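The values are calculated or read from the model by the stated rules, or taken from the named source; none is laboratory data. Keep in mind the model is a prediction, meaning the values are calculated, not measured. All Cβ positions, glycine included, derive from the backbone under ideal geometry; neighbour counts span all protein chains shown. The protein model used for the area step is the full one, side chains on, heavy atoms only, and it has no ligands, DNA or RNA in it. Shrake-Rupley method; radii C 1.70, N 1.55, O 1.52, S 1.80 Å.
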Amino acid sequence: MKYIDVEQVNKNMSPRIFKNNLAKSIFFVAAIFGLLVLITLIYRVFSDSIGWIDINFLMSKLSTDAERAGIFGAIMGTVWLMVVVAPVTIFLGVGTAIYLEEYAKKGRVRNIIQTNISNLAGVPSVVFGILGLTVFVRAMGLGNIILAGGLTMALLILPIVVVASQEAIRAVPQFLREASYGMGATKWQTIKNIVLPAAIPGISTGVILSLSRAIGETAPLVVIGIPALIIPIPDSVFDKFTIMPMQIYYWTIDSALVDEYANLAAATIVILLIILFLMNSIAIIIRNKFQKRF
Amino acid sequence: MDKESSSLNQYSSANAFKNADTGNNIVYDTQDLNLWYGQTHALKNIILPIYEQEVTAIIGPSGCGKSTYLKTLNRMVELVPGVRTSGTIKYRNKDILDKSFKVEELRTKVGMVFQKPNPFPKSIYDNIAYGPRIHGIRNKKVLDQIVEKSLRGAYIWDEVKDRLKENAYSLSGGQQQRICIARCLAIEPDVILMDEPTSALDPKSTLKVEELIEKLKKDYSIIIVTHNMQQAARISDKTAFFLNGEVIEYADTNFLFSTPKDKRTEDYITGRFG
Amino acid sequence: MGLKNNKEKINVRDMIEKNKNSFNLNSVTEKVIPYILLGIAAVSIITTIGIVFTLLSETISFFQAVPFWDFYTGTELKPLGDDAKFGILPLLTGTILSTLIAVAVAIPIGLMTAIFLSEYASEQLRKFLKPILEILAGIPTIVYGFFAFTFVTPLLRSFIPALDPTNILSPGLVMGIMIIPMVASLSEDAMSSVPNSMREGALALGATKLEVTFKVILPAAISGIIASFVLAISRAIGETMIVTIASGSNKAFSFNITESMQTMTAYIVEVTGGEAAAGTTLYYSLYAVAMTLFVFTLVMNLIAQYISRKFREEY
Ligand SMILES: Nc1ncnc2c1ncn2[C@@H]1O[C@H](COP(=O)(O)OP(=O)(O)OP(=O)(O)O)[C@@H](O)[C@H]1O
Ligand SMILES: [Mg+2]
């Protein structure tokens, strides 16, 4: 007597296998869809920028004349912006992470801060722009200068830096802390001399990645009111400024009026993407180099 | 079991009794120590004297509280959240469990060597100089001297003298462990606690560390936790047998291994359980 | 060789003892540092309070000029001129439609990508595809905006002649592409944390991978997956530059996705870019819209957190 009708099973089997294979192909196409978009996007941007990127483009000031326009001011603006964002965000982000991981271990204060940070991470960047506009630009009277934009950006990427630093600090093995305490070191000595140095690779990876986010971020600075006008190259944090994404924005919307502006936008995008690519590569190199040291 | 018979009374060396009576040579005097990890009662009514310039071995099956006791001696156990203690541990006549006792001072005098070698991810030099530096010694020349002296003290100077700037993790496990011991010696502690210092090492490195311990005991009081009965017998002067958080027997090492008083000690050292 | 304790000139113990005075200084540091760090950590709280406070106070001023009910049911948005009208519905439809389009792209493709990566892909292929997704996630939104405006829209217009040069369809689609990596990686995390034993159990019974995926993996990972959808919606609602560039600023109340529509975020950009004078109703409307946006995304994030917390309890 047969409990299983082999023929019947086989008959059901082949459509099932067929379905599985079909699904697999569909899932595969979905998975490489991103790749296709990426290729299209990069091809598009590069082909639009061909002939537009040269030393003059990098070293010239803005101009309404597409042939003469350059992004030197925007590059310097981005550099100056980072001069504000990097120290502020490292100070606040790492400090918060140390507090959460080393001092506030388990407790209400920790829960409140931690929940707050994950909610802050979900606040749209344009809302941070409004905060910056209201507090830094208007209430504090700074105006739309680099300092105001930098502080706004620093708050925007703060949650990312905090979370990355927390992970880096958590990854420092407990036995190193024990070894330090065992020598009679105090808590702060242990953090300063052992935990932070060991966490630096992880922290720097996180900081670089979040700075690259800040470099590409546009909305908060539009809201703060970066002028669309041609302005002098900034040389202090109290100057007005423009940044690469802002130039891309203005040139893109104005490309409806002047065709060449689309090329300028594409050329600026290429420079921006190269910078981001370099920053991400550095972050990845640091991450790989210092993985598994203990 | 009553506490009396569990510890001191079985101790037979007349000389040591004299020391215990004068109180001079006792480094650690543990009285009625209890410790809880949350609900787990990990140490129960521990009474144990520890003497200067001796090696005291702590043996017992896994989970009996050896590490816990050792970590209580430098209050490292406090790093675990939810730990409670009762009783007293007098170190040089001062109760270290008293909250007013400065734990950093205690740990400066009581060095610790861990089961797994745990050098800092820094140069060999910086590893050794760590202790002196955090205690305010900054002078380069003095630090150089301390580093050399400590590495010599741990009998590893000749092996590493040409590579002091290299990362400590470039050394072998056995060398790392001796670096950790040297790191300990750099602040000239009074007592050294060692928690299974050789269990992560190969036989050759183990032998080196054991030799080192023998030499160190001239200058330091050493308390060593070990699973290795031969090791305890070889290097220790006194042995305490722990079981389920209690001290079952404490005696001269020779005495305890040759004529254990308690049946459970005998079972353990003859390998019938644990 | 031997210990040279006594012969050496230096005595570390004494030196440490001498330095103990500076230890007192140390213990002051030791006491002060936690408070300093708490102060630093409080900045993130202050930021949140700052956001809520600024939005709320100006929004209240707004509702003194424009009744709450009129604002949320008004289909007319004419912020300038003498007969200015402030109804948020045109912005809401813009936001909701662009989000729906984005989600319609991101959820199926993201989820299928996640399934492929978690259940089908070889280790090599995973190692190749995951960085691609990371790169996609790292491209600034302004670049996507450029892509939508100068490439996707013209491309779509060659199929759909009725499509306006600025419309909500194209930025919606591009926003969807932008969110794919997020849906894919969060869903994949949820799926890979399903214990392997469950997978193997079903496979051993002769089920195909497809059946295992739909009958075992997806049900087990469902809360994580849904959380990723909710977060994706929140991202789409808050996305600014793509829609600002590619959807124009038409404030008509409409459901026609081939037309220009303004989202809440794009409205904020337009109004701030126009340097609205403080104190005008137009200026306050900025905050009322931002407040609405903030509440929308906050609620979405809280829902996602709630779902994924429940999800974590399951294992
Ligand atoms: N951090 C901790 N939290 C809770 N309980 C703990 C902790 N550490 C140890 N214990 C418990 O305390 C008891 C004693 O542990 P301890 O580590 O001191 O044992 P041990 O004798 O050193 O064992 P081993 O030989 O395996 O190292 C055990 O029951 C253990 O489960
Ligand atoms: Mg142990």
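Among the residues of the stretch B:85-105, is there at least one that is buried (at least 17 other Cβ atoms within 10 Å of the Cβ), within 16 Å of ligand 2 (Cβ to nearest atom) and in contact (Cβ under 8 Å) with a residue 12 or more places away in the chain? No; the residues of the stretch B:85-105 include none that is buried (at least 17 other Cβ atoms within 10 Å of the Cβ), within 16 Å of ligand 2 (Cβ to nearest atom) and in contact (Cβ under 8 Å) with a residue 12 or more places away in the chain. Looking at this structure, is A:Arg293 more than 30 Å from C:Thr240 (Cβ to Cβ), open to solvent by 20 Å² or more (accessible area, probe 1.4 Å), modelled with pLDDT under 95 and within 9 Å of another protein chain (Cβ to nearest Cβ)? Taking the combined requirement at face value, the residue satisfies it. Kindly indicate whether any position in the stretch B:152-171 is within 12 Å of chain C (Cβ to nearest Cβ), surrounded by 24 or more Cβ atoms within 10 Å (Cβ to Cβ), at pLDDT 95 or above and closer than 23 Å to B:Ile224 by Cα. Looking through the stretch B:152-171, none of the residues is within 12 Å of chain C (Cβ to nearest Cβ), surrounded by 24 or more Cβ atoms within 10 Å (Cβ to Cβ), at pLDDT 95 or above and closer than 23 Å to B:Ile224 by Cα.
Pull up the stretch A:104-120, narrow it to residues that are open to solvent by less than 50 Å² (accessible area, probe 1.4 Å) and farther than 20 Å from A:Gly206 by Cα, then point me to the one that is modelled with the lowest pLDDT. Only one residue tops the list, namely A:Gly107.
Here's the yes/no breakdown for (1) within 14 Å of chain C (Cβ to nearest Cβ); (2) within 24 Å of C:Ile135 (Cα to Cα):
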{"position": "A:Phe18", "(1), (2)": "yes, no"}
{"position": "A:Leu22", "(1), (2)": "yes, no"}
{"position": "A:Ala30", "(1), (2)": "yes, yes"}
{"position": "A:Gly34", "(1), (2)": "yes, yes"}
{"position": "A:Ser47", "(1), (2)": "yes, yes"}
{"position": "A:Gly51", "(1), (2)": "no, no"}
{"position": "A:Ser60", "(1), (2)": "no, no"}
{"position": "A:Phe91", "(1), (2)": "yes, no"}
{"position": "A:Ile98", "(1), (2)": "yes, no"}
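Among residues of the stretch A:175-208 being within 11 Å of chain B (Cβ to nearest Cβ), open to solvent by 20 Å² or more (accessible area, probe 1.4 Å) and within 30 Å of the chain's Cα centre (by Cα), the one that is farthest from A:Met82 (Cα to Cα) is A:Asn193. Find all pairs meeting these conditions: Cβ atoms under 7 angstrom apart; at least six residues apart or on different chains; first residue within the stretch B:200-219 and polar (S, T, N, Q); second residue surrounded by fewer than 18 Cβ atoms within 10 Å (Cβ to Cβ) and part of a helix (DSSP H, G or I). Taking only residues 6 or more apart or on different chains, the pairs are B:Ser205/B:Gly173.
Within the stretch C:126-158, restricting attention to residues that are within 13 Å of A:Gly34 (Cβ to Cβ) and within 7 Å of another protein chain (Cβ to nearest Cβ), the residue that is surrounded by the most Cβ atoms within 10 Å (Cβ to Cβ) is C:Leu133. Scanning the stretch B:180-193 for residues that are within 11 Å of another protein chain (Cβ to nearest Cβ) and either aliphatic (A, V, I, L, M) or surrounded by fewer than 19 Cβ atoms within 10 Å (Cβ to Cβ) (or both) turns up B:Leu185, B:Ala186, B:Ile187, B:Asp190, B:Ile192, B:Leu193.
Scan the stretch C:48-57 for residues that are facing chain A (nearest Cβ under 7 Å) and over 12 Å from A:Ile130 (Cα atoms) and the total you get is 1.
Of the helices (runs of 4 or more DSSP H) lying entirely inside the stretch C:178-278, those carrying at least 2 residues that are of a type in the set (Val, Ile, Thr) are C:218-238, C:241-246, C:264-273.
In the stretch B:25-53, the residues that are within 14 Å of another protein chain (Cβ to nearest Cβ) form no Cβ pair under 7 Å with any partner that is polar (S, T, N, Q) and within 9 Å of ligand 1 (Cβ to nearest atom), whether six or more places apart or across chains.
Exactly one residue out of C:Val216, C:Val212 is open to solvent by 20 Å² or more (accessible area, probe 1.4 Å) and either over 27 Å from the mean Cα position of the chain (by Cα) or of a type in the set (S, T, N, Q) (or both), and it is C:Val216. Among residues that are among the hydrophobic types (A, V, I, L, M, F, W, C) and open to solvent by 10 Å² or more (accessible area, probe 1.4 Å), A:Val237 is included.
Checked against (1) within 14 Å of ligand 1 (Cβ to nearest atom); (2) within 19 Å of B:Val27 (Cα to Cα), B:Val80 meets all criteria but (2). Put simply, of B:Gly131, B:Gly111, B:Gly63, B:Gly136 the only residue that is in a helix (DSSP H, G or I), small (Gly, Ala, Ser) and either out of contact with any helix residue (DSSP H, G or I) (no Cβ under 6 Å at 6 or more places or on another chain) or more than 15 Å from ligand 2 (Cβ to nearest atom) (or both) is B:Gly131.
The residues of the stretch A:139-174 that are under 22 Å from C:Thr244 (Cβ atoms) and within 11 Å of chain C (Cβ to nearest Cβ), listed by number, are A:Asn144, A:Thr152, A:Leu155, A:Leu156. In the set (1) of a type outside the set (D, E, K, R); (2) farther than 26 Å from B:Asn25 by Cα; (3) within 16 Å of ligand 2 (Cβ to nearest atom), the condition left unmet by B:Trp157 is number (3). Only one entry of C:Gly94, C:Gly87, C:Gly74 meets the criterion of being in contact with an Asp or Glu (Cβ under 7 Å, 6 or more places away or on another chain), within 20 Å of C:Ala290 (Cβ to Cβ), away from chain A (no Cβ under 11 Å) and open to solvent by less than 20 Å² (accessible area, probe 1.4 Å), and that entry is C:Gly87. The number of residues in the stretch A:115-124 being facing chain C (nearest Cβ under 7 Å), within 21 Å of C:Met264 (Cβ to Cβ) and part of a helix (DSSP H, G or I) comes to 2.
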